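Just below is one structure, and these are the notes that go with it.
The values are calculated or read from the model by the stated rules, or taken from the named source; none is laboratory data. Model, not experiment: these values are computed from the prediction. Here the Cβ positions follow ideal geometry from the backbone for every residue, glycine too, while neighbour counts run over all protein chains shown. Just the protein is used for accessible areas: all its heavy atoms, side chains included, with ligands, DNA and RNA removed. Shrake-Rupley method; radii C 1.70, N 1.55, O 1.52, S 1.80 Å.
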Amino acid sequence: MKHRFAEMIWYEIKEAAKDERVAVLPVATYEDHGPHLPVDVDVLLANEICERAVAQIPSEAILIPPVNHGYSPHHMDVPGTIPITWDTFIRYVKDVCVSVAHQGFTRILIVNGHGSNTSPCDMAARLTIIETEGRVLCASVNHWALRKVRVDGGEIRDSDYGGTSHACEYETSLYLALKPELVDMNKAVDERAPLPPSFQTDLLAGTHPQGSAANLNIYWSARTTSGIMGDATKATQAKGEQFLAAAVDGLIELIREYRQTPILPRRNQHQ
Ligand SMILES: [Zn+2]
């Protein structure tokens with residue numbers, strides 16, 4: 001059974017929509033990931049996690065061709081960044097989702113691999129629901145926020161809080177599991193931004209225990225000298241394989257939960 005939208009003939013897509021398969025859309029961006037990783041980290045990880053998860057459950061999900069350019073203008077001090085403007089990006093992702101909804105798919109899941117895409121992806125998902133007048137569901141998730149990644153990841157990681165943020169123990173390990181020949185671990189370092197707890201981040205742990213979950217996104221080059229945030233030195237291929245398994249299982253778990261989620265009717269109180 002085919003699982004990639006792009007490889008289907010039109011009537012197969014029609015059938016996939018009728019079968020209420022969840023439409024999974026990977027979203028990422030190209031930007032610098034320190035001195036030891038290629039610029040396609042977010043793209044590779046988001047696409048691979050989605051590909052592997054959807055391939056395992058083709059009767060329940062379908063892989064939509066990805067959106068590989070995202071929002072990262074704060075990275076422009078470093079070569080390798082190709083951002084698109086924030087409103088272009090939101091409208092682009094929303095347009096893709098609305099077009100997928102037009103095919104008959106009623107549950108669309110945006111799976112994001114780039115931290116600064118979080119708010120725009122949430123907005124694109126919400127706008128998709130508004131534009132389709134509530135006839136479809138559209139949700140967004142970051143792969144590091146999947147339940148199994150947070151739970152299992154807490155066991156797999158060796159770094160303390162702040163060790164998994166960007167080009168870090170988590171992302172470097174995953175890249176080592178997928179394309180080890182492109183990683184230069186000799187250049188991996190441990191770097192943390194000198195910011196108080198409320199403005200520190202950790203992909204797997206979320207808000208700092210002594211912090212207030214405030215959002216502050218300054219220019220990337222002001223935040224880190226190496227381009228790394230977290231402890232890339234702790235990354236290994238073995239941990240990457242464990243993180244990858246957690247992300248794939250976590251995404252399958254979410255897809256199944258989403259597929260059972262009712263589309264609750266609106267109640268127009270104006271009449
Ligand atoms: Zn990244």
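Computed values, structure above
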{"read-out": "Single residue of V93, V39 found to be more than 11 Å from the chain's Cα centre (by Cα) and away from the ligand (no atom under 14 Å from the Cβ)", "value": "V93"}
{"read-out": "Hits in region 18-36 - residues which are within 16 Å of the ligand (Cβ to nearest atom) and touching a residue at least 60 places away in the same chain (Cβ under 8 Å)", "value": "P26, V27, A28, T29, E31, D32, H33, G34, P35, H36"}
{"read-out": "Unmet criterion (only one of (1) farther than 22 Å from L146 by Cβ; (2) loosely packed, with under 15 Cβ neighbours inside 10 Å) for W220", "value": "(2)"}
{"read-out": "Unique residue being more than 16 Å from the ligand (Cβ to nearest atom), touching a Cys at 6+ places or on another chain (Cβ under 6 Å) and open to solvent by 10 Å² or more (accessible area, probe 1.4 Å) when the list is S99, S140", "value": "S140"}
{"read-out": "Qualifying residue in region 120-133 (condition: open to solvent by 20 Å² or more (accessible area, probe 1.4 Å), within 16 Å of the ligand (Cβ to nearest atom), under 20 Å from the mean Cα position of the chain (by Cα) and over 15 Å from V27 (Cα atoms))", "value": "no"}
